[in-house]
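Heads up, the thing below is written out as structure tokens.
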Amino acid sequence: MDFAALAAQYDTWYTTPLGQWADQAETEAIVRMLQLPASAEILDLGVGTGRFAFMAAQRGWRVTGIDSS
């Protein structure tokens, strides 16, 4: 089974209390480590369902995402 078949299930996990906590912790850690200006251009390799790419775009970063699925 490829990731495309599991994508909805994957995103649903982020609606659980643990998923919400993990998403917030990951986002805060990434933003803190990268320290990018709002106009930054980033490449999201293995973009999956696009959760990180959408978060990055909301921060003003220009995002290109690539995924094999």
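The values are calculated or read from the model by the stated rules, or taken from the named source; none is laboratory data. Predicted model only: the values in this text are computed from it and were never measured. For neighbour counting, all protein chains shown are included, and Cβ atoms are generated from backbone atoms with ideal geometry for every residue, glycine included. Note: accessible area is taken over every heavy atom of the protein model, side chains too, but ligands, DNA and RNA are not part of it. Shrake-Rupley method; radii C 1.70, N 1.55, O 1.52, S 1.80 Å.
Would you point out the residue of the stretch 12-69, among those that are of a type in the set (Gly, Ala, Ser) and farther than 26 Å from Asp2 by Cβ, that is most open to solvent (accessible area, probe 1.4 Å)? The extreme case among them is Ser39.
So which helices (runs of 4 or more DSSP H) are wholly in the chain and hold at least 2 residues that are of a type in the set (S, T, N, Q)?
3-13, 17-34
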